Amino acid sequence: MSNNNENAVFTGGWKILLFILPTILILVVFLYFPAWHSIVLSFFRSNLFLGTRKFIGFENFRNLFIGPLAPAFIQSLFQTIFLSLFIVIIGLPISVFLAILANKKIRGAKVYRMLLIWPFALSPAVAGTIFLFIFNPEVGIINTLLDSLFSIKPRWLDSPILAVILVIFAAVWKNLGYNIVFYLAALQNIPSEPLEAADIDGAGPFRKFFNIVLPLLSPTTFFLLFTNLSYGFFETFGLIDILTSGGPVGPPGFLDHSGITTTIMYKVFEDGFGGSSNMGFAAAEGVILLIMVGIFAYFQFSHLGKRVHYQG
Amino acid sequence: MSDVKLKRRKNIYYKESVWIHVLLIITVIIVCFPILFAFIKSTQSTAEVLSPMMHPGTSFFHNIKRALIDYKLGLYMKNSLIISVAVTAGKIVLSFMAAFALVFFKFRGKEILFAFIIITLMLPTEALILGLFDLVANHPAQNIGDFLKWILNPTELLFQPIKYGFGWSQNYLAIIAPFMASATGVFLFRQHFSSIPRLMVDSAIIDGAGPLIFIFHILIPMSKNTIGALALIQFIYVWNQYLWPRVIVRYDVNQVVQVGLNKIIATGDAVYWGEVMAATVIALVPPLIVFGLLYNSFMKGYALSSNK
């Protein structure tokens with residue numbers, strides 16, 4: 001690692017503040033202070049519309065896991081993890097595969113690369129709107145085709161299983177560009193010697209992939225694992241809001257306490273800013289999110305530390 | 001290598017690359033289909049749009065006009081453009097300055113300041129949205145006395161829910177100010193600045209360049225790729241933001257285009273899909289343009305350097 005003081009050529013007392021203070025101020029006022037106050041708010045009963053506030057200790061946190069409000073929260077927690085895991089399990093292998101294809105030295109490789117990466121510019125809301133039309137049960141192109149071919153018209157957004165599949169599918173599609181960018185970059189940094197050595201040894205493409213390429217891509221995979229998990233937690237909100245509004249209600253039993261595509265983020269939104277406006281309770285849910293992001297970040301940073309160490 | 005062998009090799013190579021082309025074309029079609037679909041449907045009339053036919057129609061300008069004017073998308077687009085440009089520019093300037101101080105100035109506590117900035121990567125706005133909402137939406141204090149009484153009283157400032165805020169719920173600032181700083185930006189600039197050889201820095205200093213001359217004559221020209229990469233990432237991030245404007249913006253006058261999409265389909269009346277698809281096309285074009293313009297510097301300045 002480079003020494004951080006290597007390029008420090010200027011000295012200048014108060015002038016330093018001029019450069020760094022704007023960033024620090026914005027971060028303190030708009031990130032640290034609100035983060036702290038999300039925690040404070042989680043100890044209060046607070047209503048957005050009535051403007052009432054009352055200190056209630058840990059009651060909001062107790063209500064997350066015990067009592068009438070708990071099943072809906074636990075369900076959404078489970079669903080958030082489920083959705084994020086599937087985004088990773090389906091999205092990353094597809095992305096590796098596409099990146100390897102696009103990395104081949106063939107004619108027009110640059111064009112293919114651009115065509116595969118551009119979904120990076122796509123927003124969750126735009127993805128949701130287009131999918132809403134494509135999978136519209138009455139007039140969507142998928143059902144029109146299915147109807148004329150097999151005379152079936154699946155209710156994509158009303159059937160719990162289909163709705164979950166659709167959200168996962170749309171979420172994976174929207175994030176392909178992002179994943180492919182990083183895999184392509186990593187592939188271009190892979191040294192050619194081990195692959196040439198494998199060629200001489202007569203290793204086939206599968207052995208080369210699993211024994212050489214995949215291990216060399218593992219730092220990128222690890223990085224993408226966590227960015228995709230946090231994508232599943234937070235950025236899917238726009239997609240879900242437009243496509244399913246968190247619904248439909250799941251099958252009776254464990255999954256019928258809230259909409260089957262309701263993530264914690266969506267629940268924070270509904271509880272805090274929806275009709276009931278229970279901001280303290282929503283803040284407690286937000287604190288759980290903060291803790292989970294903290295755990296992700298811890299793993300990511302500790303891994304980063306190890307990598308630097310290995311590389312000397 | 002003999003001629004025959006070379007030829008055989010070439011042949012295998014050729015066959016292989018045909019398969020790769022076929023695979024790539026299929027995947028590109030699958031990946032691009034939804035957008036192609038939106039583009040084509042945005043050109044069709046109300047009757048055509050409901051059929052599975054995939055040929056371009058003639059109602060493109062009608063649909064665009066309806067979306068821009070009747071669905072107020074023109075207004076939302078203007079808002080999104082103002083906000084995205086302001087935040088992108090702000091993030092680049094502020095993080096450039098912060099990284100400059102962290103790399104080129106000698107002072108104590110650098111590591112702590114850098115950690116203080118980087119830790120915010122762990123604080124996504126979405127997870128602290130309740131606190132941020134109070135801070136931005138609450139009304140400011142009536143007079144300076146009340147304000148000072150609040151801010152100088154640690155128990156009230158820190159252990160009671162936020163009493164006074166900025167009162168910005170009818171103001172662009174609500175979507176601009178909270179996002180002006182960028183930990184990612186500081187990280188990328190710091191990494192880039194640290195990789196500049198000391199010799200180059202020294203020769204500039206010997207010529208007598210002070211911090212400002214050094215920044216404008218040497219550092220900015222040397223940082224074009226990093227600036228371009230950051231501009232691409234941040235513009236797309238801000239343009240695509242959804243949850244925060246959905247929650248904080250109270251009136252259509254200040255709403256952004258992503259939330260505007262939701263307003264079009266949530267009208268409750270029959271949805272005119274040709275017009276809705278035109279709206280998605282409109283909302284998608286600016287980030288695509290930015291992507292096209294900055295793609296090369298993005299690959300050089302971000303994607304290729306982030307793994308090192």
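Assorted remarks:
- Residues being farther than 30 Å from B:A127 by Cα and either without any contact (Cβ under 8 Å) to a residue 12 or more places away in the chain or crowded, with 19+ Cβ neighbours inside 10 Å (or both) - total across the range B:221-235: 3
- Condition check for A:L216: closer than 23 Å to A:A171 by Cα and either surrounded by 15 or more Cβ atoms within 10 Å (Cβ to Cβ) or not hydrophobic (A, V, I, L, M, F, W, C) (or both): no
- Considering A:K54, A:K15, the condition of being farther than 17 Å from A:M265 by Cα, assigned to a strand (DSSP E or B) and within 12 Å of chain B (Cβ to nearest Cβ) is satisfied by A:K54 alone.
- For B:I176, the conditions (1) surrounded by 15 or more Cβ atoms within 10 Å (Cβ to Cβ); (2) within 7 Å of another protein chain (Cβ to nearest Cβ) all hold with the exception of (2).
- Failed criterion for B:N240 (all others in (1) in contact (Cβ under 8 Å) with a residue 60 or more places away in the chain; (2) in contact with a helix residue (DSSP H, G or I) (Cβ under 7 Å, 6 or more places away or on another chain) hold): (1)
- Residues in the range B:167-190 that are part of a loop (DSSP other than H, G, I, E, B), out of contact with any Lys or Arg (no Cβ under 9 Å at 6 or more places or on another chain) and among the hydrophobic types (A, V, I, L, M, F, W, C): B:W168 alone.
- Lone unmet requirement of (1) at the interface with chain B (Cβ under 7 Å from one of its Cβ atoms); (2) more than 25 Å from the chain's Cα centre (by Cα) for A:A35: (2)
- Among residues of the range A:236-255 being farther than 15 Å from A:F86 by Cα and within 11 Å of chain B (Cβ to nearest Cβ), the one that is surrounded by the most Cβ atoms within 10 Å (Cβ to Cβ) is A:L243.
- Among the residues of the range A:139-158, just one is without any contact (Cβ under 8 Å) to a residue 12 or more places away in the chain, more than 13 Å from every other protein chain (Cβ to nearest Cβ) and either in a helix (DSSP H, G or I) or touching a Phe, Trp or Tyr at 6+ places or on another chain (Cβ under 9 Å) (or both), namely A:F150.
- The residues on offer are B:V201, B:V238, B:V253, B:V285, and the sole one that is surrounded by 13 or more Cβ atoms within 10 Å (Cβ to Cβ) and within 30 Å of A:S245 (Cα to Cα) is B:V238.
- Flag for B:P245 being touching a helix residue (DSSP H, G or I) at 6+ places or on another chain (Cβ under 7 Å) and within 12 Å of chain A (Cβ to nearest Cβ): yes
Each row is one residue, and each column tells you yes or no for (1) farther than 30 Å from B:D134 by Cα; (2) at pLDDT 95 or above.
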| residue | (1), (2) |
| --- | --- |
| B:I213 | yes, no |
| B:F216 | yes, no |
| B:L219 | yes, no |
| B:K224 | yes, no |
| B:Y242 | no, yes |
| B:A266 | no, no |
| B:D269 | yes, no |
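- Any hit, the range A:82-100, residues being at negative phi, touching a Leu at 6+ places or on another chain (Cβ under 7 Å) and facing chain B (nearest Cβ under 8 Å): yes
- Counted residues, the range B:122-153 - those being within 12 Å of another protein chain (Cβ to nearest Cβ), without any contact (Cβ under 8 Å) to a residue 24 or more places away in the chain and more than 24 Å from B:I82 (Cα to Cα): 6
- Of all residue pairs spaced 6 or more apart or on separate chains, those with beta-carbon atoms under 9 Å, a first member in the range A:166-189 that is within 17 Å of A:S84 (Cα to Cα) and a second member that is part of a helix (DSSP H, G or I) and acidic (D, E) are A:A171/A:E235; A:K174/A:E235; A:N175/A:E235.
- Within the range A:96-138, if we keep just the residues that are part of a helix (DSSP H, G or I) and of a type in the set (K, R), the residue that is nearest to B:V285 (Cα to Cα) turns out to be A:R113.
- Matching residues, the range B:38-69, being more than 12 Å from B:G274 (Cβ to Cβ) and touching a residue at least 40 places away in the same chain (Cβ under 8 Å): B:L68
- Out of A:F233, A:F223, A:F254, A:F209, one residue alone is touching a residue at least 60 places away in the same chain (Cβ under 8 Å) and assigned to a loop (DSSP other than H, G, I, E, B). It is A:F254.
- When A:V181 is tested against (1) of a type in the set (A, V, I, L, M); (2) in a loop (DSSP other than H, G, I, E, B); (3) surrounded by 14 or more Cβ atoms within 10 Å (Cβ to Cβ), only condition (2) is not met.
- Residue check, A:I161 of a type outside the set (S, T, N, Q), over 24 Å from B:V31 (Cβ atoms) and either in contact with a Lys or Arg (Cβ under 6 Å, 6 or more places away or on another chain) or free of Cβ contacts under 8 Å to residues at least 24 places away in the same chain (or both): yes
- Test result for A:E6, closer than 16 Å to B:K106 by Cβ and either free of Cβ contacts under 8 Å to residues at least 60 places away in the same chain or facing chain B (nearest Cβ under 8 Å) (or both): yes
The values are calculated or read from the model by the stated rules, or taken from the named source; none is laboratory data. For clarity, every value in this text was computed on a predicted model and none was experimentally measured. Every residue, glycine as well, gets a Cβ built from its backbone with ideal geometry; the counts of neighbours run over all protein chains shown.
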